[in-house]
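The values are calculated or read from the model by the stated rules, or taken from the named source; none is laboratory data. In this text the structure is predicted, and so the values were computed from the model without any measurement. Don't worry about glycine lacking a Cβ; one is built from the backbone with ideal geometry, like all the others, and counts go over all protein chains shown. Accessible surface areas use protein heavy atoms only, side chains included; no ligands, DNA or RNA. Shrake-Rupley method; radii C 1.70, N 1.55, O 1.52, S 1.80 Å.
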Amino acid sequence: MREINASIPFDKALWRQDIAASKAHVDMLAAQGIVTVEDAGLIAGGLDAVAAEYEASGVPENWDLEDIHMTTESRLAELIGPVAGRLHTARSRNDQVATDFRLWVRDAMDQAELGLKQLQVALVTRAGEHAASIMPGFTHLQTAQPVTLGHHLMAYYEMAGRDRSRFADARVRMNRSPLGAAALAGTGFPIDRFRTAEALGFDGPTDNSLDSVSDRDFALDYLMAAAQCSLHLSRLAEEFIIWASQPFGFVTLPDSLSTGSSIMPQKKNPDAAELVRGHSGRIVGCLTALMITMKGLPLAYSKDMQDDKPPVFEAASLLALSIAAMTGMVAEATFRTERMRSAAELGYATATDLADWLVRQADIPFREAHHITGSAVKLAESRGIALDQLPLDDLKAIDARIDDRVYAALSVDASVASRASHGGTAPNEVSKRVAEARVALGLEDKA
């Protein structure tokens, strides 16, 4: 029972939140006349002393004390005597842990949001450098249409922005204090829950004591946002893994985020990106674990909920590492833009532009233009040349309505420049989006 019951090996991570919530609680008890000002001062000073010990030497793991709450209260009693017992007046470990955990998750949300902002800064910076750098755009991992590298990177800027918004939304929703709900029914002491909520930075107290001690939606909200974020990071990591492979050769990864082979000296492995890709599976697993833990619990608190913290702590650690790794990779990678451009030119990425030109200039129905374009691509492919390298006579042999104006539409430069609709890949349009993003990130003043 001692081994299965103890949570101190992992919930010691909550010590800062436990000290903060305890100080807010005892301050309120004194303000309400529930404990004397003198006793409250002794308790607050003792809590500061305990916090200093934890900061210097870590939290001791005495499994007989079960958790961080009893560990702190026990040490407080050793330092100030029996008056330490007054600290637990009008609260329970049920509302205590719910409060501590909310504070911890709130901090984790803030850290994730800050990390994602730094990732966005890296993406916007590199996108600005490469607003006009041409690369193949892919669907089904097949060359589709030419885009710019800046446009591609800004797609991940948008994903990171949605991730930030999910953490921000979850933070607003969870920012209510359960402290004072006690075991499950509230307390008969004349406490002021609004005071403790304000002291801890909450928007107010929770409104139902049963829900207060049994709610872990805030942890699930965090994990859901973390899981979605990890999927985006994994997609970005996969891009770098593919781009760094020799057949692609689109990017050279920074040495600081790569490893070598123990047997093959020529290898430069994208291990950091691969680990980010792997971490996403573990983070999704953390979400699943807590969802399954919570799915059948009746009100109010059950001991199953002790297992809420390990998956959240694990996910938060993995997510922070993943964000930092991808931020460094974006910022420090060397993009081989000439290789990207060559791949776009050789992949017949302007085939759609030829079909569009036939529709606009020769008034040919798109389905017929699509068939004509397919014949042109087949001819160019058989000769190993780009579409814009086909002689006009050969193009006219495919369809007599083609004339020399077509070449203005067949280059990759003309293709990307023509995609100037809002959110398109035209360099000018990408530069607009980069400028807007820089303002949104606080990197530039508003015009």
With just the Cα atoms defining each centre, how far is the stretch 286-341 from the stretch 211-254? Give it in Å. 8
Go through LEU379, ALA414, ASN428 and say which Cα lies farthest out towards the positive end of the charge dipole of the stretch 375-447; charges sit on Cβ, +1 for Lys and Arg, -1 for Asp and Glu. ASN428
Rounded to the nearest 0.05, what FRET efficiency is calculated for ARG339 and ASN428 with R0 set to 25 Å and r the Cβ-Cβ distance? 0.55
So, in Å, what gap is there between the alpha-carbon centers of the stretch 50-125 and the stretch 8-22? 2
Order of exposure, largest accessible area first, which applies to PHE313, PHE194 with probe 1.4 Å: PHE194, PHE313
As a test, work out the antiparallel percent of DSSP beta bridges whose residues both lie in the chain, rounded to the nearest 5. 90
Could you tell me which residue out of ALA21, MET70, LEU47 lies farthest along the dipole of the stretch 1-89 toward its positive end? Charges go on the beta carbon: Lys and Arg +1, Asp and Glu -1, centred on the Cα centre. ALA21
Output the 0 to 90 degree angle, nearest 10, between the alpha-carbon long axis of helix 37-57 and the longest principal axis computed from the alpha carbons of the chain. 50
Rounded to the nearest 20 Debye, what is the dipole magnitude of the stretch 94-341 about its Cα centre when Lys and Arg each give +1 and Asp and Glu each give -1 at the C-beta? 600
Rounded accessible area per residue of the stretch 1-89, 1.4 Å, Å²: 46
From the residues ALA272, GLY204, GLY150, which one has its Cα farthest along the dipole of the chain in the positive direction, the dipole being from +1 and -1 charges on Cβ of Lys/Arg and Asp/Glu about the Cα centre? GLY150
Only four residue types carry charge here, +1 at the Cβ of Lys and Arg and -1 at the Cβ of Asp and Glu. Report the dipole size of the chain about the Cα centre in Debye, rounded to the nearest 20. 720
When every protein chain stays in place and a 1.4 Å probe is rolled, LEU379, LEU141 sorted by accessible area with the largest first are LEU141, LEU379
Rounded percent of accessible protein surface that carbon and sulfur make up, the chain, 1.4 Å probe: 53
ASP110 and ILE4 label points (each 7 Å along its Cα→Cβ direction) are spaced in nm at 3.8
Heavy-atom accessible area per residue, the stretch 94-341, 1.4 Å probe: how many Å²? 43
In terms of the Cα gyration tensor, with a ≥ b ≥ c the square roots of its eigenvalues, is the chain rounded because a/c is under 1.5, prolate because a/b exceeds b/c, or oblate? prolate
For the stretch 344-441, with every protein chain kept in place, what is the accessible area per residue (1.4 Å probe, Å²)? 51
Please give the net charge around ALA349, taking every other residue with its beta carbon less than 14 angstrom from that of ALA349, where Lys and Arg add +1 and Asp and Glu add -1. -4
Applied in sequence order to the stretch 8-21, the curve 6.51 cos²θ - 1.76 cosθ + 1.60 (Karplus, θ = phi - 60°) yields integer Hz couplings, x standing for Gly and Pro, of 4, x, 10, 7, 4, 4, 8, 4, 5, 5, 5, 5, 4, 5
When the dipole is taken about the Cα centre of the stretch 1-107, and only Lys, Arg (+1) and Asp, Glu (-1) are charged at their Cβ, what size is it in debye, to the nearest 20? 260
